[in-house]
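Visitor: What follows is a structure written as structure tokens; I'll ask about it next.
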Amino acid sequence: MTTETDPYFLTNDIYADIENVEPIGWVEMPDGLRAVMVTDYAAIKEIGTHPDVSRDAAAHWPDLRAGNVPADSLVVPWVTNAGPFSAYGAEHRRLKKLMTPAFTQRQIDKLEPMIHEIVTGTLEKIAPSGPHDRRHVEPLDLRAGFCFPVPIRTIGAVLGVDVDDEQDLFPVIRAGADALFDTSISREELGAAFIGLIGAIDELIARKRARPDDSLTSALIQANEDGDTYTAAEIAEVVRILIVAGYETTVNLLDQCVFLLLTHPQYLAAALAEQPGSDAAEKAWEAIIDEALRHSSPANVVPMRFAIKNIVIAGFEIPAGAPILVSFAGAGRDPKVHEAPDVFDPTRTKKDHLGFGYGPHRCPGAAMAIAEAKFALPALFSRYRLTLVEDPAEIPANDGIITNGHARLLVTLEPNA
Ligand code: HEM
């Protein structure tokens with residue numbers, strides 16, 4: 001185990017990192033900041049509900065208050081914001097209420113036809129256009145061509161952004177959200193992309209104030225105008241957090257499901273053998289998605305939490321003020337919880353995972369993400385026969401320590417007869 005003076009340097013090989021730190025230890029992040037990282041399932045649950053652990057950096061990270069954290073550190077956008085993500089206690093509960101319109105039954109009902117249209121349109125775009133199209137022999141990057149567009153277009157459409165206008169807000173929003181997850185890019189690149197994202201969201205909100213519609217952004221503005229006490233900054237923050245939290249995590253869920261099914265074709269064949277739309281088919285896809293969330297959690301660490309007092313977790317002393325990273329990917333592979341945790345097996349009965357977090361900050365978008373995957377995966381695999389072009393063991397991980405996916409998924413693609 002490492003000590004504070006000898007931290008383990010995190011890479012983007014997250015399973016090597018998890019093995020080295022397991023169950024808890026000091027780590028150094030790619031931009032030099034130190035934190036305690038926890039990979040143990042039970043300890044992560046304890047931290048998730050611990051009264052002396054906060055996500056509020058402004059109140060509970062002394063190094064930030066003392067000016068010891070470089071303003072351009074890669075974690076700063078994650079920990080300094082006016083939204084629920086970085087709030088603690090009663091303030092967190094107040095801000096989380098602002099997101100209520102995002103997850104009502106009305107919103108979920110509107111989502112389904114939207115997802116169908118977006119997935120079908122995206123599948124159409126990657127379709128070989130005719131007998132001379134060589135896409136069935138020349139590789140296509142499915143991560144870029146399918147896993148990315150589906151979630152960003154879905155959350156964009158939910159918020160009322162014109163996702164087809166490549167000259168307007170959509171590309172700026174997409175670039176800003178991409179940059180936040182890439183802890184390997186330069187500070188300058190991150191700064192520029194982040195400023196672009198903030199500007200685009202301000203513009204989106206200004207447009208919806210001028211011309212309200214039935215989008216989620218208009219609903220959030222309305223929640224404020226109906227007498228709640230949310231500020232313009234808080235509304236903008238919630239719009240931003242919905243894009244950021246709901247986008248790349250879902251990209252990586254689709255990425256991991258595709259990768260795991262192509263490398264475990266017996267489970268793909270079993271799901272496709274069920275009558276499309278039947279209960280049995282639905283259960284088979286749900287089991288695949290659930291097992292992917294356990295085996296290859298799309299969210300790894302979400303920066304950061306802070307110890308309010310000295311606390312002891314899994315026998316390890318975390319001093320007051322220390323940043324804490326919890327590894328949701330590590331929790332899914334905890335051998336104390338799962339037999340043969342490294343084996344992907346959707347038929348296992350116990351798939352307990354923390355892929356959507358635990359405690360008050362647990363993901364409110366879980367149903368939305370699962371709805372996307374549950375439609376996107378059968379639609380993709382029933383339309384095309386896909387073959388991975390590269391040796392699966394040689395495909396590099398995506399950049400950064402925050403999410404868990406692949407740098408690319410090169411496939412050949414043939415329409416199913
Ligand atoms: C597969 C897709 C997704 C995964 C794996 C995922 C994972 C997570 C995790 C692990 C957390 C907790 C972070 C922590 O406690 O440190 C979280 C929080 C959050 N997620 Fe998701 N998420 C996904 C999709 C979504 C979607 C689609 C939305 C909304 C559109 C969303 C919105 C949020 C928000 C707003 C939070 C912050 C909640 C809070 O701090 O109270 N997520 N997510």
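Visitor: Within the set of pairs 6+ apart or on separate chains, which have a first residue in the range 159-176 that is exposed (fewer than 14 other Cβ atoms within 10 Å of the Cβ), a second that is assigned to a helix (DSSP H, G or I), and C-beta atoms under 6 Å apart?
Guide: Correct list of pairs: empty, since none qualify.
Visitor: Do any strands (runs of 3 or more DSSP E) lying entirely in the range 276-391 carry at least 1 residues that are surrounded by fewer than 18 Cβ atoms within 10 Å (Cβ to Cβ) and of a type in the set (Ser, Thr, Tyr), and which ones are they?
Guide: Where strands (runs of 3 or more DSSP E) fall fully within the range 276-391 and carry at least 1 residues being surrounded by fewer than 18 Cβ atoms within 10 Å (Cβ to Cβ) and of a type in the set (Ser, Thr, Tyr), they are 384-388.
Visitor: Do any residues in the range 9-26 that are under 19 Å from residue 395 (Cβ atoms) have Cβ atoms under 8 Å from those of residues that are part of a loop (DSSP other than H, G, I, E, B) and of a type in the set (Lys, Arg), where the two are at least six apart or on different chains, and which pairs are they?
Guide: 15/333; 18/333
Visitor: Quick one: residue 312 ticks every box in (1) within 16 Å of the ligand (Cβ to nearest atom); (2) closer than 16 Å to residue 44 by Cβ bar one, so which box is it?
Guide: (1)
Visitor: Out of 379, 417, 366, which single residue is without any contact (Cβ under 8 Å) to a residue 24 or more places away in the chain, away from the ligand (no atom under 16 Å from the Cβ) and among the hydrophobic types (A, V, I, L, M, F, W, C)?
Guide: 417
Visitor: Are any residues in the range 103-128 farther than 16 Å from residue 368 by Cβ, of a type outside the set (Lys, Arg), in contact with a helix residue (DSSP H, G or I) (Cβ under 9 Å, 6 or more places away or on another chain) and surrounded by fewer than 16 Cβ atoms within 10 Å (Cβ to Cβ), and if so, which ones?
Guide: 120, 121, 127 - these are the residues of the range 103-128 that are farther than 16 Å from residue 368 by Cβ, of a type outside the set (Lys, Arg), in contact with a helix residue (DSSP H, G or I) (Cβ under 9 Å, 6 or more places away or on another chain) and surrounded by fewer than 16 Cβ atoms within 10 Å (Cβ to Cβ).
Visitor: Would you check which residues across the range 80-90 are within 11 Å of the ligand (Cβ to nearest atom) and over 22 Å from residue 217 (Cβ atoms) and list them?
Guide: Residue satisfying the conditions is 88 alone.
Visitor: Has the range 310-329 got at least one residue that is touching a Pro at 6+ places or on another chain (Cβ under 8 Å), at pLDDT 95 or above and within 29 Å of residue 113 (Cβ to Cβ)?
Guide: So far as the range 310-329 goes, no, none of its residues is touching a Pro at 6+ places or on another chain (Cβ under 8 Å), at pLDDT 95 or above and within 29 Å of residue 113 (Cβ to Cβ).
Visitor: While we're looking at this one, here's another question. When you scan the range 1-94 for helices (runs of 4 or more DSSP H) that lie fully inside it, which ones turn up with 3 or more residues that are in contact with a strand residue (DSSP E or B) (Cβ under 6 Å, 6 or more places away or on another chain) and on the phi < 0 side of the Ramachandran plot?
Guide: Once the helices (runs of 4 or more DSSP H) in the range 1-94 are filtered for at least 3 residues that are in contact with a strand residue (DSSP E or B) (Cβ under 6 Å, 6 or more places away or on another chain) and on the phi < 0 side of the Ramachandran plot, what remains is 41-48.
Visitor: While we're looking at this one, here's another question. Among the residues of the range 95-109, write down those that are within 13 Å of the ligand (Cβ to nearest atom) and assigned to a helix (DSSP H, G or I).
Guide: Result: 95, 96, 97, 98, 100, 101, 102, 103, 107, 108.
The values are calculated or read from the model by the stated rules, or taken from the named source; none is laboratory data. Nothing here was measured: the structure is a model prediction, and the numbers come from that model. So basically every Cβ, Gly included, is an ideal-geometry build from the backbone, and we count neighbours across all protein chains shown.
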